Each structure stands twice: as structure tokens, then as C-alpha cells.
Amino acid sequence: MMREENKRGSRTTSIIDVLYEAPGPKARRKIRAATIVSMAVLLCLLVLIILQFYKNGQLDPRYWSIFLRKTTWTFLGEGLLGTVKAALGASLVSFGIAMLLMLWRISSRKILRGISVTLIEFTRGIPTLLFIYFFFLLAPQFGLKLPAYWKITLPVAISACGVVAEVLRSGVQSVPRGQWEAAMSLGMRWGSMFFKVIFPQAFRYVIPALISEIVIVLKDTTFAYVVNYADMMQNARVLISNYDALLSVHLVVAVIYILINYVLNKISVAAADGRNGKGKR
Amino acid sequence: MSISELLTEYGDKYVQALFTTWQLTAVSFLLALLIGIVITVMRISPVLPLRMAADFYVQIFRNIPGAALLILLVYALPYLNVVLSYYMCVLIATTLIPSAFCSEYLIAGMNTIGPGQIEAARSLGMTFLQIIRNVILPQAVRSSVLPMTNLLVATMLTTALASQVPLNPRDLTGIVSYINTHAVGGVTAFVISAALYAGTAVLIGQLGSLLDRKVRILR
């Protein structure tokens, strides 16, 4: 879905830090007034939302007390495990296909390059849901019986592989020409040159982008309900039909997804900072 | 079903679906751009609560899965006595998510401008608004063409969420599941939709890089 990019949070001074001069007394007064007003507006908004919950009885303990039970969390945890399994499987499959696409993309054969470019553009421009419907509706028509796990994992992997291939290629391109030449002058074959010298460096370079890609894959696995695979979203639906607590369960599940992706994004930024810091020294 | 059979029976539905997807994409993208700019201004403002609220907004909508957001809008909001039409739910979901990414791209675009330029502008006696208008905006806009074309494609991909609710006319993804539940559309039904999606994406990408080559600042 969306491609992450994060340059904020790095240790270098950015333009945002120098946008303003140190405020004088007049500006400080203005800022303080704006702070108070905006705080009041935001608080009002929050109160309004909570009031809306209250008026419609959504703060009733029976909707929220289910989160005090251990069984609720075990069940959601099982679902989360399903989500993690699907996301990991899709990431690995996607990496495998992407590796092949990238090797074709940088190969000297024109046909392979052409095929690779076409496939990359194709997968990048098609929504994951269409791939999911492809595997869900079409595979059975060919007599192909896939388990639910692969019905969600394969389409998600295919829809991500184009971007991953481009990410890997950008990594390979970031390795200085001299590394190829040095390896060549040692008399290495192409295979060992690429996999022992070039790719390890390229891989380290693209780790942050790959982590961002995992976020996209994880988000895409929420469509698992289409194929009846028991991920967190699907288990949430079961909880809802058991306890008749739709709003609270969906809200909690959404927050869990947001937190996981938030942490993954933070890791990605930290990895990028570590990489850039090392480069500078 | 062969291509010609499929097209005579569902051709007009496909045209409708293509326009639904295009229209949803265009409207969402423009709204996302608008909200993204407002959020970005809040994020760089000196007012702490605004900054925090905008950062919170971006983190929420950058990290929430589209399906989770759509489900909240369609099924959970009615419990708060807020009932929106299916179309509105989809439009809100496909606007809010790209808007967060839009803000991220704008911030990243601003960060490509060297801090020295602001200091230089300030030493010339330019006011804050003059600096924004004459130094930051022209550069930020010109260097954000490629990220924005990517955002437009991403917005189009997000609009596939429309297939998860009953909409009339259907979007390009919805039509495929519609055809396959009414008749055996086979591979062809998918290929047509996929080609229309990918064709649109390639077109957007080509136009974007053309524009980018025209306006890019060479550094």
C-alpha cells in the first residue's frame, strides 16, 4: 500500500529546527496564547468524543470488562500469532520472488530485463485485494485447493514483491563500482562476486526499507477475513459475535495494529540512523 | 468466458468501474493533499499542542490497516450514532490514510532544503512568511513531484477498499468479485481489471516523471 519514508528523527539538524529564530517577548506571548487556545480546542474535542461514547452507552462496563478476562487476550493472542505467521511467510516468499526479479532486472540479457520490468510495474500498480480475489475465486476454478494460509500469504507476497525488488536493486546500485572491480580483479566468478561481495553490502543498506515493507505486508494481511484465515481481525469478529461488543473490540484491535506498526517503523528509522551514523564516521 | 463475450456482457460495467476508481482516487487524493498540508503546517508550528496532535494524527493513520479503519467507519460508528453512507465511509478511509503519508512526504521534502538557506534568507532580513513563500515552498513543491505521484498511485491502490462494501457502481476490484459470483468470469475478468489498474499506475508514473524532469532542482 503506502511507502514509508522517514527522514525526521535523524540526528542531523533539519530545516525544521532552524525554521524559527528564538522568539522574543512578543512572539512568546503569542505562542503562549495559541498554546492555550489550541489546548482548549483539543480538550473540547476529546470531551465531545467521550461524551458521544457515553451518550450511546458505549462506556458501559460490559463492553470493556471482557478485556479483563484472560481468555479474551489468549484468543486475540492466537489471532495475532496467525497474523505474524502470515506476515512472516508473505515477507519471506516476497523476498524470494523479489530476489529473482532483481537479478533479472540487473542482468545483461534484454529479455530478462524486459520481463522483470513488466512484472515489477504490474505488481506495483495492482491492489492487494485484487490478487487476493484472484487466489480466492480463481484458484478453485482450476481445481487448485490451497489452504487458507496460502490464500492470504501468496497474494500479499506477490503484491509486495515488485517494490521489494526495486528496494533490493537500489541497494545493489548503492554499492560502489570499485567493489565489483576489486572482486573481478581477484578472479571471482559472477556468482561468488555478487553473493559474497556485493549483496551483503547491499542488503545492509536496504534493511530499513525492508522493515518498512514488512509494515505494508502486515497491514495487507488484515484482508485475511476474505479467505477465512484466522488472523487477529478474524478472531476479533468471533469475539464480537460472542460478547456483542463490536465497537470496543474493533477499537482495541485497531490500536494493537497501530502499535505494532509504530514500533516497526521506529525500528526502521533507528536502523537507518545507525547506518547513516556509521557512514559518516 | 472469452474476452469478447465478457466485454459485450460487462463492457459498460467495466467502464463504470474504471471511472468509479478514477473518481474515488482523484477526490481522495485532492482531499488528502489538502489535509496533509494543514497537518504539516501544524507539525512545524511553534505551538506544542498542535504539533503533538498532528504527530498523533499522522502516526494513527500511517499505521492503521485500511481494512481496520474501514470496519471502524462502517460498523463501529453507527454505535456512536454516526451513520454514514458506504460511499462516505470508503472516501473517508481512502482520504485519511494517504493524508498521513502526504504529510510525511512534505516533511521529508522540506528536509532536503539545507538549513543554511534559511539562515541566509534571515540574514537578508526576510520575514518568516517571506521565507516560507520564497525559499521553502518553491523548493519543497518542486522536489515533491515524485513522492506525490507515488502517493497518487498508492491512493488508487487504497481505493480497492471500496470492494469491501456494497457500492453501486462498483469499483475495479468490486466488479471482479461481482462477475465471478454471477458467472464464471475466469482469468479474463481479473486480467481486464488488473490491466486497467496497472495501466493507470504506469500512466501516472510516466506523467509524474515527465513533470519531475521539467521542474526538478539539480543538486
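The values are calculated or read from the model by the stated rules, or taken from the named source; none is laboratory data. In this text the structure is predicted, and so the values were computed from the model without any measurement. FYI the Cβ positions are ideal-geometry reconstructions off the backbone, even for glycines, and counts take in every protein chain you see. Remember, those area values only see protein heavy atoms, side chains included, never the ligands or the DNA or RNA. Shrake-Rupley method; radii C 1.70, N 1.55, O 1.52, S 1.80 Å.
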| note | Among the residues of segment A:129-170, the number that are within 11 Å of A:Ser94 (Cβ to Cβ) and of a type in the set (Gly, Ala, Ser) is 5
| request: Output the qualifying pairs, or none if there are none: Cβ atoms under 7 angstrom, residues six or more apart or on different chains, first residue in segment B:62-81 and more than 24 Å from A:Tyr262 (Cβ to Cβ) and facing chain A (nearest Cβ under 7 Å), second residue open to solvent by less than 10 Å² (accessible area, probe 1.4 Å) and not hydrophobic (A, V, I, L, M, F, W, C). | output: B:Tyr79/A:Gln58; B:Leu80/A:Gln58
| query | Only one of (1) over 20 Å from the mean Cα position of the chain (by Cα); (2) away from every other protein chain (no Cβ under 11 Å) fails for B:Asn180. Which number is that? | reply | (2)
| Going by the structure shown, is B:Pro169 of a type outside the set (D, E, K, R) and at pLDDT below 90? | yes
| remark: Exactly one of A:Leu130, A:Leu218 is in contact with a helix residue (DSSP H, G or I) (Cβ under 7 Å, 6 or more places away or on another chain) and modelled with pLDDT of 95 or more, and that one is A:Leu218
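Does A:Asp244 fit the bill of being over 18 Å from B:Asn63 (Cα atoms) and of a type in the set (Asp, Glu)?
yes
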| Close pairs (7 angstrom Cβ cut-off, 6 or more residues apart or separate chains): under 16 Å from B:Leu48 (Cβ atoms) in segment A:37-62, in a helix (DSSP H, G or I) anywhere | A:Ser38/B:Pro49; A:Ser38/B:Leu50; A:Met39/B:Pro49; A:Leu42/B:Pro49; A:Leu42/B:Ala53
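Test of understanding: among A:Ala230, A:Ala236, which residue is buried (at least 16 other Cβ atoms within 10 Å of the Cβ), in contact with a Gly (Cβ under 8 Å, 6 or more places away or on another chain) and part of a loop (DSSP other than H, G, I, E, B)?
Result of the check over A:Ala230, A:Ala236: A:Ala230.
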| field | Enumeration of residues in segment B:52-61 that are under 16 Å from B:Ala108 (Cα atoms) and either more than 8 Å from chain A (Cβ to nearest Cβ) or hydroxyl-bearing (Ser, Thr, Tyr) (or both) | value | B:Ala54, B:Asp55, B:Val58
| Any idea which of B:Ile179, B:Ile204 is open to solvent by less than 50 Å² (accessible area, probe 1.4 Å), of a type in the set (A, V, I, L, M), under 16 Å from B:Lys13 (Cβ atoms) and assigned to a helix (DSSP H, G or I)? | B:Ile179
| task | With the condition kept exactly as written, say whether any residue in segment A:139-147 is basic (Lys, Arg), more than 9 Å from chain B (Cβ to nearest Cβ) and not in a helix (DSSP H, G or I). | result | yes
| message | Looking at segment A:205-239 only, could you name the residues that are within 13 Å of chain B (Cβ to nearest Cβ), more than 11 Å from the chain's Cα centre (by Cα) and small (Gly, Ala, Ser)? | response | A:Ala224, A:Ala236
| Meets criteria (in a helix (DSSP H, G or I), open to solvent by 10 Å² or more (accessible area, probe 1.4 Å), at pLDDT below 95 and within 13 Å of another protein chain (Cβ to nearest Cβ)) for A:Leu251 | yes
| Which condition number does A:Lys70 fail, the rest of (1) among the charged types (D, E, K, R); (2) within 30 Å of A:Ser248 (Cα to Cα); (3) under 16 Å from the mean Cα position of the chain (by Cα) being met? | (3)
| said: I'm trying to understand the selection: among the residues of segment A:171-202, which are part of a helix (DSSP H, G or I) and surrounded by 14 or more Cβ atoms within 10 Å (Cβ to Cβ)? | reply: A:Gly171, A:Val172, A:Gln179, A:Trp180, A:Ala183, A:Met193, A:Phe194, A:Val197, A:Ile198, A:Phe199, A:Gln201, A:Ala202
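Okay, residues lined up against (1) among the aliphatic types (A, V, I, L, M); (2) open to solvent by 10 Å² or more (accessible area, probe 1.4 Å); (3) in a loop (DSSP other than H, G, I, E, B):
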{"position": "B:Gly11", "(1), (2), (3)": "no, yes, no"}
{"position": "B:Trp22", "(1), (2), (3)": "no, yes, no"}
{"position": "B:Val27", "(1), (2), (3)": "yes, yes, no"}
{"position": "B:Leu33", "(1), (2), (3)": "yes, yes, no"}
{"position": "B:Ala53", "(1), (2), (3)": "yes, yes, no"}
{"position": "B:Phe56", "(1), (2), (3)": "no, yes, no"}
{"position": "B:Arg62", "(1), (2), (3)": "no, no, no"}
| Where in segment A:8-72 are there helices (runs of 4 or more DSSP H), lying fully within it, with 1 or more residues that are at pLDDT 90 or above and farther than 25 Å from B:Ile136 by Cβ? | A:25-55
